[in-house]
1. When you check Lys36 against the structure, is it modelled with pLDDT of 90 or more and of a type in the set (D, E, K, R), yes or no?
2. Given the options Ile68, Ile45, Ile13, Ile19, name the one that is assigned to a helix (DSSP H, G or I), of a type in the set (A, V, I, L, M, F, W, C), out of contact with any His (no Cβ under 6 Å at 6 or more places or on another chain) and at pLDDT below 90.
Amino acid sequence: MEENNNINKKLLINGDAEIEKDDENLRTKVVVESKKLWVVAGPAIFTRFSTFGISIITQIFIGHMGAIELAAYSLVFTVLLRFANGIL
């Protein structure tokens, strides 16, 4: 008989108040987790953009030297960049 009473017990005690509290709690958890994520991801994003920018600027300068030099640099840089990303 006691088990039957447990089945009929209300799960939501305060109704909407509990739902609003859970939503607010979820929002604060998301904000806190987002801040932690940006602390880690921010420098990684900056590093990725700066590496790309340096490679583009270097290719522009080498492109002024000649087509063969540009092709050589592009091949070497692409291979080295893919190798470095593979290690990471």
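1. yes
2. The conditions single out Ile19.
The values are calculated or read from the model by the stated rules, or taken from the named source; none is laboratory data. Worth saying up front: this structure is predicted, and the values here are computed from it rather than measured. Cβ sites come from the backbone with ideal geometry, for glycine too, and all protein chains shown count toward neighbours.
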